[in-house]
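The values are calculated or read from the model by the stated rules, or taken from the named source; none is laboratory data. This one's a predicted model, so the numbers in the text were calculated from it and none came from an experiment. Heads up, the Cβs are rebuilt from the backbone with ideal geometry, glycines too, and the neighbour counts pull from every protein chain shown.
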Amino acid sequence: MAGDDFRELYQDVLLDHSRERHGYALLPAPSAESHQRNRSCGDEITLRVHAREGIVDCLSWTGQGCAISQASASMLCDITGGLTPRECGLRVAAFRAMLQSRGKDGGDSDVLGDAVALSGVALYPPRINCAMLAWVALEDALNSLDASAHPPDPSTAGTTK
Amino acid sequence: MSGQPNRVTAGNRPVAATLDVDAIRRDFPALRRTVRGRPLVYLDSAATSHKPLQVLDTERRFYERHNAAVHRGAHTLAGEATEAFESARDRLAEFLGARPNEIVWTSNATAAINLLAYAFSNASSGRGGAEADRFRLRAGDEIVVTELEHHANLIPWQELAARTGATLRHIGVDDSGRPQLDQAREVISARTRIVAFAHVSNVLGEVTPVSEIVALAREVGALVVLDACQSAPHLPLDVTALDVDFAVLSGHKMLGPLGIGVLYGRAVLLDALPPFLTGGSMITSVTIERAEFLPSPARFEAGTQPVAQAVGLAAAAEYLAGLGMDRVHARDAELGKKLALGLSELPGTRVLGPAPGEPRVGLASFLVDGVHAHDVGQFLDNLGIAVRVGHHCAEPLHRRLGVAASTRASTSVYTTDAEVDALLDAVAQVRKFFRA
Ligand SMILES: Cc1ncc(COP(=O)(O)O)c(C=O)c1O
């Protein structure tokens, strides 16, 4: 009964993540934090970056929202541990490009992990903000990371995937 | 197709009968389309209703035959356009129980409320002379709204308060969203200058006790502004009988075109209220230094007017009047009850507002346990069912009820029982799909 685009949108892996959310519940002592809201529906997220010596250890978050926003935050947590802030930023950019591709860019699972399952959102423009919520929060938190306390890692400067 | 609204008439007098929904549907071309391969089930009429051919044809005919700016120029087309524009005003006046000079065209309800708020603001900064004194707000004055207002009937008042130093206060609602009259008795005081509230909540579908609130406002000499957006499409409306000072509505929610709305105001008030937008067509004489303004309604209608939209809205009012607003209301209440009862019987589904079975218009907002409203809406869209999701521009009410977002189904004269059943069947499957 569900149409193809619709099954593409709500893939099983998305529903799994929306029910069992990785990184859910805030951890203490964050290096940076961001609060974001989806203006159209009031969905909210508070996302924390836990970094050490220029490397993101993990993310933690809390909030509420639709299956897409919740799964998306969970998937983001899976792919950011061990990266530099800059590498995180590149993954956010790759994710955004996939969502804005109108379905042409299916995403690279080496870069985006399970989040490639969100490629179907590109065909539902009103839902792109739902999918982006956690990623925008990460971007914002990374911007606020004190540059001097967390200098960019020179070994990865200039590398792009 | 048919040029006449669908009517059940005996001579000129409507005979008692229920609406012939099948016949009505033939007037609405948009209802014949499919969505994602399925017939459209349109349950978002509270956001905007579809438009019958009678409205579409009227608008097109205006452009085809007349198409001129009104109240300007002496040529035949301009005369015809002016005649059509003013007849449309007469039609709306009749529909609302008002006089023609009490009907001001605006682009929608939001524009109508902002017009009022800025006119009050202009009065408060001294415009309008002694006549406008009663519209002047000062520090210490209060504006009262209810907690269930649409943002369109909240933010313009917040801004007016901020500009004038007045204070915005509100009448709280109870757990079912009903404005609390005992609170109203305390909040509405000698300091109250304006009381603005919705006739029908766009989230709960409940009719507000207008006469009680009007009585409280009258006791203290406050002006009453009624947001009739969600009542005009559903109930017989008589602004004179309701004894409100101002009322606003949007044409697009009552089978009319987008881009047209109405501000009703009692004539003595409109004639004393300073204008908001100024420019062409609203003046008696102009020098390089200053201008004299026309009486209402012209003084509020600066610039080239949306004539096609106005005649389209008049056709919509005629269409509804042809069906008979009593019958529209009866049918609507029946569908509202079916919606609310049906939804509340589904496991894990809760209806906001009045208890299911209690009176409501054809509108129900609901929550599905463990599934966000956006996901509910997407699931329904996949089945061709159009509903509204989110906070429906009533964030304070949602916060008060302790919910972030809800799903809203709303009906109109063209809604069938089968469509409500289709919604109920679909909502019954939502939790399983999302593993809630
Ligand atoms: C109760 C109520 N008031 C005001 C509005 C604003 O109407 P519009 O957006 O057409 O100006 C709406 C519609 O969204 C409404 O439902």
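Which is more than 25 Å from B:ALA409 (Cα to Cα) and of a type outside the set (Val, Ile, Thr), of B:HIS252, B:HIS170, B:HIS199?
After ruling out the rest, the residue left standing is B:HIS170.
Is region B:88-111 home to any residue that is of a type in the set (Ser, Thr, Tyr) and more than 17 Å from the chain's Cα centre (by Cα)?
There is no residue in region B:88-111 that is of a type in the set (Ser, Thr, Tyr) and more than 17 Å from the chain's Cα centre (by Cα).
Can you tell me which residue within region B:177-200, out of those that are of a type in the set (Lys, Arg) and not in a loop (DSSP other than H, G, I, E, B), is farthest from the ligand (Cβ to nearest atom)?
Only one residue fits best here, namely B:ARG185.
Identify all residues within region B:30-43 that are among the charged types (D, E, K, R) and assigned to a helix (DSSP H, G or I); write none if there are none.
Hit for region B:30-43 is B:ARG32, nothing else.
Taking region B:106-125 as the region of interest, how many residues are closer than 19 Å to B:SER250 by Cα and either touching a Lys or Arg at 6+ places or on another chain (Cβ under 7 Å) or more than 9 Å from the ligand (Cβ to nearest atom) (or both)?
5
Can you name every residue in region B:69-80 that is within 12 Å of B:VAL307 (Cα to Cα) and touching a residue at least 24 places away in the same chain (Cβ under 8 Å)?
Within region B:69-80, B:ALA69, B:VAL70, B:HIS71 meet the criteria.
Go through B:LEU277, B:LEU270 for me and flag whichever is farther than 30 Å from B:THR411 by Cβ, assigned to a helix (DSSP H, G or I) and either assigned by TED's automatic domain parsing to the domain that holds B:THR106 or in contact with a strand residue (DSSP E or B) (Cβ under 6 Å, 6 or more places away or on another chain) (or both).
Of B:LEU277, B:LEU270, the one residue that is farther than 30 Å from B:THR411 by Cβ, assigned to a helix (DSSP H, G or I) and either assigned by TED's automatic domain parsing to the domain that holds B:THR106 or in contact with a strand residue (DSSP E or B) (Cβ under 6 Å, 6 or more places away or on another chain) (or both) is B:LEU270.
Tell me which residues, restricted to region B:227-266, are near the ligand (Cβ under 9 Å from one of its atoms) and in a strand (DSSP E or B).
Matches in region B:227-266: B:ASP227, B:VAL248, B:LEU249, B:SER250, B:GLY261.
Give B:ALA321, B:ALA333, B:ALA315, B:ALA364 a once-over and let me know the one that is buried (at least 23 other Cβ atoms within 10 Å of the Cβ), away from chain A (no Cβ under 14 Å), assigned to a helix (DSSP H, G or I) and under 24 Å from the mean Cα position of the chain (by Cα).
B:ALA315
I need a count of the residues in region B:416-436 that are at the interface with chain A (Cβ under 10 Å from one of its Cβ atoms) and crowded, with 22+ Cβ neighbours inside 10 Å.
Counting residues in region B:416-436 that are at the interface with chain A (Cβ under 10 Å from one of its Cβ atoms) and crowded, with 22+ Cβ neighbours inside 10 Å gives 0.
Quick one: how many residues across region B:376-415 are in a strand (DSSP E or B), buried (at least 24 other Cβ atoms within 10 Å of the Cβ) and at the interface with another protein chain (Cβ under 9 Å from one of its Cβ atoms)?
Summing the residues that are in a strand (DSSP E or B), buried (at least 24 other Cβ atoms within 10 Å of the Cβ) and at the interface with another protein chain (Cβ under 9 Å from one of its Cβ atoms) in region B:376-415 gives 1.
So, B:GLU345, is that one touching a strand residue (DSSP E or B) at 6+ places or on another chain (Cβ under 9 Å), of a type in the set (Asp, Glu) and not assigned by TED's automatic domain parsing to the domain that holds B:LEU96 or not?
yes
Just to be sure I understand the filter: pairs with C-beta atoms under 7 Å, separated by 6 or more residues or on different chains, first member in region A:15-27 and within 12 Å of chain B (Cβ to nearest Cβ), second member surrounded by 17 or more Cβ atoms within 10 Å (Cβ to Cβ) and hydroxyl-bearing (Ser, Thr, Tyr). Which pairs pass?
A:HIS17/A:SER74
Restricting to region A:28-46, and then to whatever is surrounded by fewer than 17 Cβ atoms within 10 Å (Cβ to Cβ) and not in a strand (DSSP E or B), can you tell me which residue is farthest from the other protein chains (Cβ to nearest Cβ)?
Only one residue fits best here, namely A:ALA29.
I'd like to verify a number: residues in region A:47-100 that are more than 17 Å from A:SER31 (Cα to Cα) and within 14 Å of chain B (Cβ to nearest Cβ), how many?
Of the residues in region A:47-100, 11 are more than 17 Å from A:SER31 (Cα to Cα) and within 14 Å of chain B (Cβ to nearest Cβ).
Identify, from the list B:VAL203, B:VAL145, the residue that is among the aliphatic types (A, V, I, L, M), within 16 Å of the ligand (Cβ to nearest atom), part of a loop (DSSP other than H, G, I, E, B) and in the same structural domain as B:ALA109 (by TED's automatic domain parsing).
Result: B:VAL203 is the single residue among B:VAL203, B:VAL145 that is among the aliphatic types (A, V, I, L, M), within 16 Å of the ligand (Cβ to nearest atom), part of a loop (DSSP other than H, G, I, E, B) and in the same structural domain as B:ALA109 (by TED's automatic domain parsing).
Looking at (1) of a type outside the set (Lys, Arg); (2) more than 14 Å from chain A (Cβ to nearest Cβ); (3) within 14 Å of the ligand (Cβ to nearest atom), can you tell me which one B:ILE103 breaks?
Unmet condition: (3).
Among the residues of region A:102-161, which ones are modelled with pLDDT of 90 or more and of a type in the set (Ser, Thr, Tyr)?
If the condition is that a residue be modelled with pLDDT of 90 or more and of a type in the set (Ser, Thr, Tyr), then A:SER109, A:SER119, A:TYR124 are the ones that fit.
If you scan region B:219-250, which residues turn out to be surrounded by fewer than 19 Cβ atoms within 10 Å (Cβ to Cβ) and among the small types (Gly, Ala, Ser)?
The answer is B:GLY221, B:ALA241.
Return the total of residues in region A:82-104 being surrounded by 14 or more Cβ atoms within 10 Å (Cβ to Cβ), free of Cβ contacts under 8 Å to residues at least 60 places away in the same chain and in contact with a strand residue (DSSP E or B) (Cβ under 7 Å, 6 or more places away or on another chain).
Adding up the residues that qualify gives 2.
Taking the residues in region A:59-77 that are assigned to a strand (DSSP E or B) and of a type in the set (A, V, I, L, M, F, W, C) as candidates, determine which candidate is farthest from A:ASP43 (Cα to Cα).
A:LEU59
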